[in-house]
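Novice: Starting off with a structure, shown below.
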Amino acid sequence: MSSAPPAPIKTPCIKVCAIDGESGLCLGCYRTLPEVAGWAKLTPERREALMAELPGRRGRISPEKLGFV
């Protein structure tokens, strides 16, 4: 009897992995380095809660670092 493969883990990663030294956030997904490193160990509920917070973090990064200036 074979079991189904595990469901993929939802992630905000867009494969632009660079941590901004000023804000401490990833320029691609706006997570902190500890959040990125521990993502797989978080509960699905905690991942969903963090993903809901991420868009609001964009303002913590200088617009020119995101290519908006």
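Here, each number is a calculation from the coordinates, and none is a lab measurement. This one's a predicted model, so the numbers in the text were calculated from it and none came from an experiment. Cβ: placed from backbone, ideal geometry, glycine included. Neighbour counts: every protein chain shown.
Novice: Helix 44-57 versus the longest principal axis of the chain: what angle, 0 to 90°, nearest 10, using Cα atoms?
Specialist: Roughly 10 degrees between the two axes.
Novice: Pull up the cross-link candidates among the aspartates and glutamates for Lys41, meaning alpha carbon to alpha carbon under 15 Å and not fewer than 8 places away within one chain.
Specialist: none
Novice: Next question. Mind giving me the nanometre distance, one decimal, between the label points for Arg60 and Lys10, set 7 Å out from Cα along Cα→Cβ?
Specialist: It is 2.1 nm.
Novice: List the aspartates and glutamates whose Cα sits under 17 Å from the Cα of Lys10, skipping any in the same chain fewer than 8 residues away.
Specialist: Answer for Lys10, where 17 Å is the Cα cut-off: Glu35, Glu45, Glu48, Glu53, listed by chain and number.
Novice: Applying a 10 Å radius around every beta-carbon, put 7-17, 42-52 in order of their mean neighbour count, most first.
Specialist: Ranking, from highest mean packing down: 42-52, 7-17.
Novice: Once the mean 1/r over all distinct Cα pairs of the chain is inverted, what Kirkwood radius in angstroms do you read off?
Specialist: 13.3 Å is the Kirkwood radius here.
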